[in-house]
1. Any idea what the relative contact order of the range 184-363 is, in percent, if you count C-alpha pairs under 8 Å spaced at least 6 apart?
2. Looking at the chain only, what percent of DSSP beta bridges run antiparallel? Nearest 5 please.
3. With r defined as the distance between the Cβ atoms of Arg86 and His150 and R0 fixed at 25 Å, what FRET efficiency is calculated, to the nearest 0.05?
4. Helix 220-230 sits at what angle to the longest principal axis of the chain, using alpha carbons and giving 0 to 90 degrees rounded to 10?
5. Where is the GNM fluctuation largest for the chain (alpha-carbon springs, 10 angstrom cutoff): Pro246, Pro158, Pro133?
6. By how many nm would the segment from Glu336 to Tyr169 lengthen if fully extended, with 0.36 nm per residue of separation less the alpha-carbon distance?
7. So what's the angle, to the nearest 10 degrees on a 0 to 90 scale, between helix 72-83 and the longest Cα principal axis of the chain?
8. Note the angle between two axes, namely the Cα long axis of helix 12-26 and the longest principal axis of the Cα atoms of the chain, as a number of degrees from 0 to 90, rounded to the nearest 10.
Amino acid sequence: MLSDVYFPRVNGVSSSIRTFAQELVSLGHGVSLVVPAYDEALDRQHHDEGFEVLRLPSRTIFFDPEDRLMKASALTSVLPQLAARRWDAIHIHTPFRAHQLGVRLARATGLPTVETYHTFFEEYVAHYLPWLPKPVLRYGARALSRRLCHEVEHLIVPSQQMVDVLDRYGIRTPSTVIPTGIHLDEFAGGDGGAFRAKHGIAPSQPTLVTVSRLAQEKNIMFLLDVVKALVGEFPALCFIVAGEGPDAPRLKQRTAELGLGNTVRFFGNLDRRTTLLDCYRAGDVFVFASPTETQGLVLIEAMALGVPIVSTAVMGTATVLENARSARISVENVAEFAGHVAALLRSAEERRALSAHGAADAARWSAPALMHKVVKLYASIGSRKDDSQAGAADQV
C-alpha cells in the first residue's frame, strides 16, 4: 500500500489507511505501507502498527505545511527494492507521489493495481490555491482525476455519490463501492463526565461537539453561525471543537467576531484511544456540516459512542446517514439546522432515543465485514489479470 499521507498527520485518510492495513493483518495477510517521513520523533510514535511502515524522505509543501511530498529521488531509489519483493497486489491511496510510485511498481512487476479515491479534490483545491480561478482549478482536478484513474485497473470508492461524480468526469475504470468502516471495539469507551469535569464544563451545561480537521472545506464556519443562533435560548451553551488544521486562525477570529469567546472551546487533536472518546461522550449532540466528505467516518464514530447527531447529508455523509435512526438530518441552513439542535437540547428523552439507536447504526460500518470485500476484490482483479495475460500469450 502506498500513500502521500499517514500518521502523525491526523485526518480521515490516515485513519482509513490504518484500518485497512490492520484489518488485512488480522485476516492473515502481510501489509507494507509506503508513506512520507515527517518528524523523526513523531514518526517513532507510529512505528508499531502491526504492519511494516516504510517512510521515504520528503519535503514540506509551501501551501499546506502540515503535509509532506515524498522526494522524487526517494521514489527512484526505493523502486528496485520494492520490485524485488513478492507482492500479490498494489493498493494506492493518494494521487501524488504515491500514485507515481505505485504505477511504476505495477509496470515493473505486472501486479494488479487498485486505487482508493478518498478525497473529493474538485471541492478542495480552491481552498488551497485561492489565487487561481476556481473554474480553472475544477477543470484541472477533473482532468487529473481522469488521467490518474485510467492508469490503474480498479477503483475503490467509499460511496455511490462519489461514483456518480467520477462517472460525470468520464472515468471508465471499473469501480467498487467499499467504505472503510471503523473498529467498533475502539469506540466503546469514553468518559464524558470526566472530560467535562477536567475542562470546567458543568454536568448540566448544554454541549455540542464536532470532530474535524480545521479546514475551509469542513464548513465549521457554518457551525459557528448555528451556535450564534442558539445562544439566545441556551446562554450557557458550550461548543467543543476537536481537531487542528490551517483554518484554525480564521475560525478563532470569527468566534471572537461573533462574541462566542466564552462558548466555543478549541481543543486541538486528541488521542484517539483516550481523550477523543471522552470528548465525543461529553457532547449532548454531535454536529457536522462538511459537504465534501467521501466517507464521514466521524459520524460513524459518534454513532458507535451513542452521541445523538445533527448533520447535513451530502456525498459520503448521505451514505452514512441513510436510514440512520441516531441522527437528525438538516439542509445547510442556519435556522433549520439550529432548530434540529435546539429540539434535542430541550429534550433529554429525545436524545436518549437517538443514542439508543447509535450502536445498531454504527454496526453497518464494521471494518472486518467490509474488509472481506476488499480481499475478494484483490483476488478477482489478480485473477482477471492472469486470464488477460494468458489470453494475450495464446494470441501470440
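Each value in this text was obtained by applying a stated rule to the coordinates, not by laboratory testing. Small disclaimer: the values here were computed from a predicted structure and weren't measured. Cβ atoms come from the backbone with ideal geometry, glycine included; neighbour counts cover every protein chain shown.
1. 25
2. Details: 4 of 38 bridges.
Here the antiparallel bridges make up roughly 10 percent for the chain.
3. The value I calculate is 0.35.
4. 20
5. In this elastic network of the chain, the residue with the biggest mean-square fluctuation among Pro246, Pro158, Pro133 is Pro133.
6. Values: separation 167, 0.36 × 167 = 60.12 nm, distance 3.28 nm.
The Glu336-Tyr169 span can extend by a further 56.8 nm.
7. That helix lies at roughly 60 degrees to the long axis.
8. 60
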